[in-house]
1. Could you check S13 against (1) modelled with pLDDT under 90; (2) under 26 Å from V140 (Cβ atoms); (3) not hydrophobic (A, V, I, L, M, F, W, C) and say which number it fails?
2. Determine if the range 42-56 includes at least one residue that is surrounded by 14 or more Cβ atoms within 10 Å (Cβ to Cβ) and modelled with pLDDT under 90.
3. Restricting attention to the range 38-73, which residues are in contact with a strand residue (DSSP E or B) (Cβ under 8 Å, 6 or more places away or on another chain) and either farther than 19 Å from D27 by Cβ or touching a residue at least 40 places away in the same chain (Cβ under 8 Å) (or both)?
Amino acid sequence: MTTEAPNDPLFISSVARAMTVLRTIGDAPAPMAVSDIARSVQITQSTTWRICYTLQKLGYVRSDAQGLFSPGLQLLAMGHAAVAAGSLEEQARPLLNGLVARLDSVAGIAVRDGDDMVYMCRVESDQAMLTMNLRAGSRVPILTSAMGWAYLAALPEGARSTLLGQLRRRHAPVHARVIDALGKEMRRFVQDGFVLNMQVFHPNVAFVGVPFIHPGTGEVYAFNCGGVSASMTPAQLRRRPRRFPGG
């Protein structure tokens, strides 16, 4: 998320910095020190402290006895309200629960935000071998995730080329590493209606991705399902998308 837009007179950089700090705290797996937040968002520690202080006064973050910051109740309430507003998540959750129970896997739904896909919900089987610190609100890159590949597959060719060009300019090393596998999966999607992400997002993880275009809004969502690659072979994943919600 950019904190500066020098050619946009309507852009308020101070608000962008506060939102970046808020997102950094919200995405963190544990409470964060001001110094770590400042380093992550690349703004001065004094400015970061003032932003955190203001957010704490407003209830969006809270601090413990050690001065570490974590999400506050106001932020959690906003997140739950945003998720609850989407009827797709409510309708899909029972299907995802059934899917992960059958396959001993993890699954989720995501929507695009900038260069990332943001989880609307994520569920996992009690027997799932895969454990990752992902939850509603977590972000995964478009370029390396099954969620992102499914999103790209659903776009018209022109829109996909434009977005890939933007991602190449902003994330050149990652783009160069994944573009061959990504191109292969775009071709697979045309034939089979799904994409496979085999050990690209993570060396030991395999996922299948399927896009869903909302019939009312036209917004593109992505579903995924997967687990550790040792227990989910390419042959198994090729069979399973037919049971996938929206697939």
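The values are calculated or read from the model by the stated rules, or taken from the named source; none is laboratory data. These figures come from a predicted structure and were not determined experimentally. Please note: Cβ atoms are built from the backbone with ideal geometry, for glycine as well, and neighbour counts cover all protein chains shown.
1. S13 satisfies all of (1) modelled with pLDDT under 90; (2) under 26 Å from V140 (Cβ atoms); (3) not hydrophobic (A, V, I, L, M, F, W, C) except (2).
2. no
3. F69, S70, P71 - these are the residues of the range 38-73 that are in contact with a strand residue (DSSP E or B) (Cβ under 8 Å, 6 or more places away or on another chain) and either farther than 19 Å from D27 by Cβ or touching a residue at least 40 places away in the same chain (Cβ under 8 Å) (or both).
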